[in-house]
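Structure first, commentary second.
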Amino acid sequence: MTPTPRQSDLIELLRAQGPQSIEALAERFNVTLQTVRRDVTRLAEAGLLARFHGGVRLPSSTTENIAYRQRQAIAPQAKQRIAQAIAQRIPEGCSVFMNIGTTIEAVAHELLQHRDLRVITNNLHVAAQLSTNPNCEVILAGGVVRASDQGITGEATVDFIRQFKVDIGLIGISGIEADGTLRDFDYHEVRVARTIIEQSRQVWLAADQSKFQREAMVRLAHLSEIDTIFTDGQPPLPMQQLMAQHNVQCVVA
């Protein structure tokens, strides 16, 4: 489904403030309880939120990520702001790794007017978008194409990426734990992202607020290995202190 503006705002509220009661949502959006229940039913049927007795929350799992189409519908405004902030800081004439994720795909859209970029990616969506920019060279990694989101992973992908050393490695993430551990759901995807970190002179992380203290199963890296994190709101205070401790720049879009 494509959420209505109110439904998108409802998802944004859950993402920013956590679980909410039906009554609180009705008051927040100045609508009836019946209207909120209809919105909640439709969003739950689409897998965009989870219901519990008297309230709703975003779906969560440590073993399986939210489906690609559902991730596309979550926090589109936040992703666009993050993407614009990243694109503004990517200089023309540089080389960039771009991996899998809906926020990374939003960045690709914002780079359509950049000149003289060399982008290496394992994301078919990113490659398709940037290939329309005649001033951008796109290098697509080989490997196994994942049907769920057209990401490319596997040993061949890792070996391919190891051939390059680029200016900026731009990665997405599924969760950042309180101790700064970066986690994701797919072991094969994590191996590719890990290699991107190793082969990049600077590492930039795109992560909306919902990623802070979200749990996932596979360890990717630690926050100390990141140079700059781009997000859409101030991280929790302990996370800010951790970033300061490890000299990680935080850009709030």
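The values are calculated or read from the model by the stated rules, or taken from the named source; none is laboratory data. Source: prediction; values computed, not measured. FYI the Cβ positions are ideal-geometry reconstructions off the backbone, even for glycines, and counts take in every protein chain you see. Areas reflect the complete protein model, heavy atoms only, side chains present, ligands, DNA and RNA absent. Shrake-Rupley method; radii C 1.70, N 1.55, O 1.52, S 1.80 Å.
Are there GluC sites (Glu not before Pro) in region 172-238 that DSSP marks as loop and that have at most 15 other Cβ atoms within 10 Å, and which are they? Could the numbers behind the result be given before it?
Details: sites: Glu177, Glu189, Glu198, Glu215, Glu225; in loops: Glu177, Glu215.
When the GluC sites (Glu not before Pro) of region 172-238 are filtered for loop state and at most 15 Cβ neighbours within 10 Å, Glu215 remain.
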Mean-square fluctuation check for the chain, GNM, Cα pairs under 10 Å: which of Gly54, Gly154, Gly18 is largest? Gly54
Shape verdict for region 79-131, please, from the Cα gyration tensor: rounded (a/c under 1.5), prolate (a/b greater than b/c) or oblate. oblate
Loop-located GluC sites (Glu not before Pro) in region 74-142 whose Cβ has at most 14 other Cβ within 10 Å (DSSP): Glu92
What range in the chain is the longest one free of trypsin sites (Lys or Arg not before Pro) that are in a loop by DSSP and have at most 14 other Cβ atoms within 10 angstrom? 1-114
Only bridges with both residues in the chain count here: give the DSSP antiparallel percent, nearest 5. 35 percent
When the charge dipole of the chain is computed with +1 on Lys and Arg Cβ and -1 on Asp and Glu Cβ about the Cα centre, the Cα farthest towards its positive end, among Val56, Gly143, Ala127, belongs to Val56
Place a point 7 Å from Cα of Cys250 in the direction of its Cβ. Which residues in region 175-210 have their backbone N less than 15 Å from it? 176-181, 205-210
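For Glu215 and Lys165 in the same chain, what is the full-extension length gain: residue separation times 0.36 nm, less their Cα-Cα distance, in nm?
Difference between extended and current length: 14.9 nm.
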Two pseudo-spin positions, 7 Å from Cα along C-beta at Thr181 and at Gln84, lie apart in nanometres by 3.6 nm
Once you sort the root eigenvalues of the Cα gyration tensor of the chain as a ≥ b ≥ c, which label holds: rounded (a/c under 1.5), prolate (a/b larger than b/c) or oblate (the other case)? prolate
Mean separation of Cα pairs under 8 Å and 6+ residues apart, divided by the residue count of the chain: what relative contact order is that in percent? 15 percent
If I compute solvent accessible area with a 1.4 Å probe over the protein chains, what percent of it on region 155-253 is carbon and sulfur? 45 percent
Using alpha-carbon positions, what is the distance between the centroids of region 122-139 and region 201-253, in Å? 26 Å
Counting only protein heavy atoms and using a 1.4 Å probe, what share of the accessible area of region 1-48 belongs to carbon plus sulfur, as a whole percent? 46 percent
Neighbourhood net charge (13 Å Cβ-Cβ; Lys/Arg +1, Asp/Glu -1) for Gln17: +1
Once you have the Cα-Cα distance between Arg118 and Val31, take 0.36 nm times their residue separation minus that, and quote the gain in nm to one decimal. 26.4 nm
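Based on Cβ point charges of +1 for Lys and Arg and -1 for Asp and Glu, what charge dipole magnitude is obtained for the chain about its Cα centre, in debye rounded to the nearest 20? Could the numbers behind the result be given before it?
On the way: 25 positive and 27 negative charges, 81 e Å.
Around 380 debye, computed over the chain.
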Solvent-accessible heavy-atom area per residue, rounded to whole Å², over region 114-253 at 1.4 Å: 42 Å²
Taking +1 at the Cβ of each Lys and Arg and -1 at the Cβ of each Asp and Glu, which of Gln84, Leu205, Leu223 sits farthest along the dipole of the chain towards its positive end, judged by Cα position relative to the Cα centre? Gln84
7 Å from Cα along Cα→Cβ at both Leu13 and Asp227: what's the point-to-point distance in nm? 4.0 nm
Using only the Cα atoms of region 105-181, what semi-axes does the equivalent ellipsoid have when each is the square root of 5 times a gyration tensor eigenvalue? Give whole Å, largest first. 21, 17, 14
Simple SL model, points at 7 angstrom along Cα→Cβ for Thr132 and Ser21; separation in nm is 4.7 nm
